[in-house]
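Here's the structure we're looking at; comments come further down.
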Amino acid sequence: MHDASRRRMMSPAAARNRQPILDVLSLVLPEHARVLEVASGSGEHGVHFARAKPGWMWQPSDPNSEARISIGAWREHSGLGNLLDPVPLDVMSVWPSGPFDAVVAINLVHISPWEATEALVARAAERLVEGGVLFLYGPYRRDGRHTAESNAAFDADLRARDPRWGVRDLERVVSEAQPHGFMLEQAIEMPANNLSVVLRLHP
């Protein structure tokens, strides 16, 4: 196996959800868009999206150096000109200046402290163009209840790993985003009891 292949991490979850997520993003984003992906992980989502949508300029990011190595290896392997070098972004620290047409956060809100969600919506609002999209993907509680027993078990596991983590109430996330100019446009049911949450920035 080549060294470049070893540096490319692979996520079974990314392989399962990348096409359903792309289907939603294709509906809510224009054909030409500058997109910032927060917490890109292995980098597989960015490759899939950039390959499918050559008009999207995809900026991956991750605070973890090993993740950025994997993202860079996937970028090199793909040869895609619209997939940029990853940047070391921590949502609660310094962000790229933008502007962006979309900020995408896949499986971040539940695997981070609540303060990360507060920073995410605030910083995204500052860097999105008018009418831009903050796209969130993951499990959520609705009306104070889990949508599936598997999500309840996952929530318990997350909180056991770190009490600051956990499946969030969708209504609380939307309430946090609204003062920054976001309106909930869609909450779309996805495979494995996840949601695609589309928040659009209004003036």
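The values are calculated or read from the model by the stated rules, or taken from the named source; none is laboratory data. All of these numbers come straight from a predicted model, not from anything done at the bench. No Cβ is skipped: glycine too gets one built from the backbone with ideal geometry, and neighbour counts run over all protein chains shown.
Under 6 Å by Cβ, and 6 or more places apart or on different chains, what pairs join a residue from segment 164-176 that is within 17 Å of residue 124 (Cβ to Cβ) and in contact (Cβ under 8 Å) with a residue 24 or more places away in the chain with one that is assigned to a helix (DSSP H, G or I) and of a type outside the set (Lys, Arg)?
As it stands, the answer is 176/121, since those pairs meet every condition given.
Which residue is nearest to the chain's Cα centre (by Cα), if the candidates are limited to segment 177-200 and must be closer than 16 Å to residue 119 by Cβ and either assigned to a strand (DSSP E or B) or in contact (Cβ under 8 Å) with a residue 60 or more places away in the chain (or both)?
199
Name the single residue that is nearest to the chain's Cα centre (by Cα) among those in segment 106-150 being among the hydroxyl-bearing types (Ser, Thr, Tyr) and within 17 Å of residue 184 (Cβ to Cβ).
Taking the candidates together, the pick is 137.
Yes or no: segment 95-111 includes at least one residue that is at pLDDT below 95, surrounded by fewer than 24 Cβ atoms within 10 Å (Cβ to Cβ) and among the polar types (S, T, N, Q).
yes
Restricting the first residue to segment 16-41 and requiring it to be touching a residue at least 12 places away in the same chain (Cβ under 8 Å) and farther than 18 Å from residue 186 by Cα, which pairs with a second residue that is in a strand (DSSP E or B) and among the charged types (D, E, K, R) meet a Cβ separation below 7 Å and a spacing of at least six or different chains?
Partner pairs satisfying both residue conditions: 33/101; 34/101; 35/101.
How do the strands (runs of 3 or more DSSP E) wholly within segment 32-142 filter down when requiring 2 or more residues that are under 17 Å from residue 199 (Cβ atoms) and not β-branched (Val, Ile, Thr): which remain?
Because the criterion is at least 2 residues that are under 17 Å from residue 199 (Cβ atoms) and not β-branched (Val, Ile, Thr), the strands (runs of 3 or more DSSP E) in segment 32-142 that meet it are 33-38, 100-106, 128-138.
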